[in-house]
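Asker: Got a structure here, written out as structure tokens. Questions coming.
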Amino acid sequence: MSRSCGCLGTRPNQDVELDAKRVKDKLHNVFRAMHNRCENSNDQRYHRYGARGIKVCDEWSTFQSFYDWALSNGYAEGLTIDRIENDEDYTPDNCRWVSNKVQAQNKEDTVKVEVDGESHTLEEWATITGMKRATLANRYYSGWDADRIVKTPKLHNGGHPPKNK
């Protein structure tokens with residue numbers, strides 16, 4: 001009969017503690033980066049945040065309050081914090097946890113086109129219409145109006161209307 005010193009019985013608890021520490025460390029990095037880009041003029045991203053007037057709310061002045069919000073609002077491994085309204089502050093009501101793909105579509109320079117009351121990025125319109133994003137982008141940057149960008153069927157000459165002769 002073999003006897004354990006007791007360490008085998010504590011192994012599952014150690015794994016849970018390590019996982020909690022990893023989550024806490026990752027969220028602490030998010031917390032620090034968020035504050036740095038909004039408050040530290042030496043941060044390389046400050047011009048896109050703090051210099052534009054983007055702030056972190058008073059409620060998130062402590063890590064514990066941010067950590068509690070993150071865990072109760074969908075934080076999971078692989079997600080990133082995203083401001084829903086890009087020109088607004090980091091607040092519980094304006095932030096969410098999303099994939100990198102979703103966040104990339106919510107940048108200040110992301111083109112959104114509204115047609116029939118629906119506003120979507122060019123990437124989303126490409127999925128909806130079955131056209132290439134590049135076709136829609138060419139139309140947008142050529143000055144087409146929103147309806148024509150989205151509703152004109154793809155043409156064989158790269159998406160541009162025929163030239164008047």
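Asker: If you add up the charges near residue 116, with Lys and Arg at +1 and Asp and Glu at -1, over every other residue whose beta carbon is less than 11 angstrom from its beta carbon, what do you get?
Answerer: Every neighbour counted, the sum reads -2.
Asker: Which length gain, in nm to one decimal place, applies between residue 123 and residue 85 when the Cα-Cα distance is subtracted from 0.36 nm times their residue separation?
Answerer: Stretched fully, the residue 123-residue 85 segment lengthens by 11.8 nm.
Asker: Could you state how much accessible area residue 140 has, in square angstrom rounded to the nearest 10, with a 1.4 Å probe and all protein chains kept in place?
Answerer: 80
Asker: Here's a follow-up. Pop out the ³J(HN,Hα) list for the stretch 129-145 in order, Karplus 6.51 cos²θ - 1.76 cosθ + 1.60 with θ = phi - 60°, rounded to Hz; leave Gly and Pro as x.
Answerer: Using θ = phi - 60°, the values come out as 8, x, 8, 6, 4, 4, 4, 5, 5, 4, 5, 4, 6, 8, x, 5, 6 Hz.
The values are calculated or read from the model by the stated rules, or taken from the named source; none is laboratory data. Source: prediction; values computed, not measured. Neighbour counts run over all protein chains shown; Cβ positions are idealised from the backbone, glycine included. With ligands, DNA and RNA removed, areas are computed over all heavy atoms of the protein, side chains included. Shrake-Rupley method; radii C 1.70, N 1.55, O 1.52, S 1.80 Å.
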